[in-house]
Structures are given as C-alpha cells and as structure tokens.
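The values are calculated or read from the model by the stated rules, or taken from the named source; none is laboratory data. Here the structure is a predicted model, which is why all the values come from computation and not from measurement. Note: ideal-geometry Cβ built from the backbone for every residue, glycine included; neighbour counts use all protein chains shown. These area figures cover heavy atoms from the full protein model, side chains too; ligands, DNA and RNA do not enter into them. Shrake-Rupley method; radii C 1.70, N 1.55, O 1.52, S 1.80 Å.
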Amino acid sequence: MRRLPCACLLLALCLSGTAASAPAATSLHIAAALDRPAIAPVLAAFERAHPDIDIRYADLATRAVERRIHDMSRPPDVVISSAMPSQLAAANAGYAARLSGPVIDGWPARFKWRDSVFGFTFEPVVFAYRADLLPADIALDSHGALYRALTDRRPRFCGRVAIYDPARSAVGYALYQADAGHTARFWQLVSAFGQARARQVSNTRAMLTGLSEGRFVLAYNLLGAYARRYARRHPEIRIVAPRDYTLMLSRMVFVHRAAPHPEAAHKFVTYLLSGQGQRVLTRQTQLAGPPRAGTSTDRSNGTRPADQARIMPIALDAGLLAQVDPAQRRRDLAQWQARFSVPGQPGCGASGSAGPSR
C-alpha cells in the first residue's frame with residue numbers, strides 16, 4: 001500500500017512529460033474587415049485541416065484594418081478587407097508578400113495583383129428596404145427608380161435613408177467611386193440623398209440594424225452577403241440587386257510581408273483560394289467565390305442579377321490606386337460634400353421634378 005503514492009507520482013510525472021513534449025499550436029493572426037460569423041465555416045474547416053494552427057481573428061472596420069497594416073510593431077499574419085483600393089495600395093507599397101504554388105498560379109488573373117493580393121469573393125452590392133413601411137407602389141428596383149422615389153416621394157424617406165459616409169468608410173468611398181465611374185448621373189442621386197437628409201453611417205451592420213429597428217426604411221450600397229444573411233432573420237427587410245446595373249465587389253486577402261507566422265499564413269491563403277476552401281465558402285456561407293473558367297458566375301442566393309450583362313465588377317487593377325492618393329481623396333470628398341449639401345436645396349417637405357430616368 002505504501003508503494004501506491006509513489007506509483008501515482010511516477011504516472012503523473014510521465015503524463016506531465018508527455019504533455020510537455022506536445023508541440024504548441026501556431027497562432028495565426030488575421031486582421032479582417034469581415035464579420036467572423038460570415039466566414040466562420042471556412043475558418044473552422046481550415047483549423048480541422050491544420051490542427052497545429054490556432055486562428056486568432058480580429059474583426060475590425062476597414063479603417064482599423066488599414067492602421068493594422070501599417071503598424072509594424074504588431075503586424076498581422078493575414079489581412080482581409082472589402083476596401084479594394086486600400087488593399088491594392090498596401091500591396092503596391094510592399095506590405096504584401098508574394099506567394100507561389102499551383103493554387104496561386106491557377107487563380108484567375110483578373111482577381112490577383114502581382115501574386116501578392118487576391119480577390120477571393122465576388123459579391124453583389126445591393127439596396128435594402130422595409131416593405132412594410134413603404135407604400136407598395138414605390139419602385140426601388142434600379143438606381144433611376146430610387147432617384148425618382150427620393151425626389152417624388154421625399155417625405156416618405158426624410159431622415160430615414162442610410163448611406164455610407166465616404167469619409168469614415170473605406171469601402172463606402174470605393175463603392176461611390178465605382179458608381180461615379182459607371183454613370184455621371186450618380187451625382188444626381190447623391191443630391192437626392194442630401195435633399196432627403198440621408199444618414200451617413202460607417203458600415204453595413206449599422207444600416208441593417210437601423211432597418212430592423214425601423215429607424216431607416218431604405219439603405220443604399222450594402223454588401224450583399226451581409227444583407228442576405230441578416231434578412232433571413234428579418235423577413236420584413238427586402239433585398240434588391242438593381243436591374244440597371246449591379247456592382248460586384250471582391251474581398252481581398254494577402255499575407256503581410258512582416259507576418260510573424262509566414263508559413264501558417266501562406267497555408268491559410270492557399271486554402272482559401274483552393275478548390276476545397278472555395279467550396280466551403282460557396283456552400284456553407286452567404287459569400288461566393290470569383291467565377292472561374294468553365295463555371296457559372298451566377299449563384300442562386302437571391303442577390304445576384306440573373307442577367308449577366310448587368311453585372312459590373314469592380315476591377316482589381318491600377319485604376320484603384322488613384323483612390324488612395326491623398327490629394328485625389330480630398331477632391332473626391334469635397335465633391336461629395338458639395339453634391340450632398342447644396343445650399344438652398346429644398347427640404348424634406350418639398351418634392352422636385354421626376355428627373356432623368358435610367
């Protein structure tokens with residue numbers, strides 16, 4: 001009986017030695033402007049495939065992600081953001097590591113930049129509105145219809161429209177630039193937002209919350225994946241992929257050149273772009289991957305236009321770099337403010353002319 005404590009002690013020491021010899025998991029730090037629940041199935045699948053890697057995910061706003069990229073005292077391993085211009089600019093400035101391998105080589109050329117930054121989703125930019133709070137005869141199925149509704153039925157929308165604040169939201173600024181590049185009539189719509197006293201917010205989440213709480217009846221330029229996911233729990237919210245044109249945005253990912261764990265980061269990005277990772281993304285989330293050769297660009301998610309001619313992808317090219325030039329940004333924001341706040345413009349109680357159609 002006296003030997004039993006010794007035996008237990010020996011067993012404990014052996015078990016302790018076994019635990020001590022087990023290798024510690026590598027921490028993979030991801031700084032992302034992407035709600036974790038929206039991509040959780042992909043993160044879980046990656047960790048199952050790589051049990052030696054433990055993901056530490058920071059869910060941030062686009063501007064906060066930009067600050068993390070430039071903070072070399074604590075760089076993340078992987079950077080994800082929907083703010084395409086700032087992601088491309090960061091890569092162009094040397095903050096993104098160049099990757100290689102069969103998956104990288106096979107990724108569509110129009111969704112990558114110098115093998116360092118990659119567009120891994122293809123998402124519609126949509127409108128959302130409260131069908132129960134607006135008359136059934138108000139059409140909101142195109143940019144032209146939206147302009148006419150804001151102009152002709154302004155009292156219905158006064159102070160209850162949510163739009164991005166381009167000064168606070170990098171993705172909001174990029175989407176406005178894409179709109180303006182597609183049609184000069186966009187600035188008429190901006191003036192209509194101003195006349196309706198639209199509320200400028202910093203993210204899609206604030207728009208959706210305001211819609212479900214009844215503070216907003218309409219929201220403009222939401223990220224489709226978020227909007228559809230939210231609307232499934234709030235059926236009073238309707239999602240519209242505008243029939244005249246629908247912007248398509250790609251969230252972009254890169255490995256930081258100063259990544260503390262570059263090997264784990266490379267594995268993650270490779271997985272995200274791989275066939276397996278893209279299948280999880282498309283089948284288990286509200287996101288969808290970029291179209292590949294021989295595959296359809298459509299996905300039956302209720303937010304993509306059926307007519308492929310209406311899809312207007314935001315190109316991942318050098319044109320995006322102009323948007324991060326400080327002088328150009330000041331000019332753009334000044335133009336936005338001038339169109340949004342025109343002195344002497346009619347207030348919410350007055351309606352203007354029907355204006356041009358599109």
Measuring from label point to label point, each 7 Å out along Cα→Cβ, what is the MET72 to ARG153 span in nm?
5.5 nm
Using a cut-off of 11 Å between beta-carbons, work out the net charge of the residues near PRO135 (Lys and Arg +1, Asp and Glu -1, PRO135 not included).
0
accessible surface per residue for the range 83-222, probe 1.4 Å, DNA/RNA/ligands not counted, whole Å² -> 33 Å²
So what J values fall out for the range 140-147 if you push phi through Karplus, 6.51 cos²θ - 1.76 cosθ + 1.60 with θ = phi - 60°, rounded to Hz, Gly and Pro as x?
9, 9, 7, 5, x, 5, 5, 4
Inter-site label distance for ALA93 and ALA315 at 7 Å from Cα along Cβ, in nm
2.4 nm
Could you point to the residue in TYR173, ALA231, ALA206 farthest towards the positive end of the range 143-247's charge dipole, with +1 and -1 charges on the Cβ of Lys/Arg and Asp/Glu respectively?
ALA231
Residues ALA131 and SER100, FRET efficiency given R0 of 51 Å [Cβ-Cβ distance, rounded to 0.05]
0.55
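So how strong a dipole does the range 116-214 carry about its Cα centre when Lys and Arg Cβ are +1 and Asp and Glu Cβ are -1, to the nearest 20 debye?
Here the size comes out at about 340 debye.
D for the range 229-281, whole µm²/s, Stokes-Einstein with Kirkwood Rh over alpha-carbon pairs at 4 °C and 1.567 mPa s: what number?
89 µm²/s
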Separation between the ARG292 and ALA322 pseudo-spin-labels, each 7 Å from Cα along Cα→Cβ, expressed in nm?
3.4 nm
Run the dipole for the range 38-196 about the Cα centre, Lys and Arg Cβ at +1, Asp and Glu Cβ at -1, nothing else charged, and hand back the magnitude in debye, nearest 20.
500 debye
Got the relative contact order for the range 109-248 handy, in percent, Cα pairs under 8 Å and 6 or more residues apart?
42 percent
Theoretical gain in end-to-end length, GLN284 to ARG168 [0.36 nm per residue, Cα-Cα removed]:
38.6 nm
If amide hydrogens are placed 1.01 Å from N in the peptide plane, which non-local residues have theirs closer than 5 Å to the one on THR26?
ILE53, ASP54
Express in nm, to one decimal, how much length is gained between HIS182 and ARG197 on full extension, taking 0.36 nm for each residue of separation and deducting their alpha carbon distance.
3.0 nm
Among PRO85, TYR57, ALA44 the positive-end extreme of the charge dipole of the range 39-100 (Cβ point charges)
PRO85
Output ordering of 38-46, 239-247, 328-336 (per-residue mean of other Cβ within 10 Å, highest first) is 239-247, 38-46, 328-336
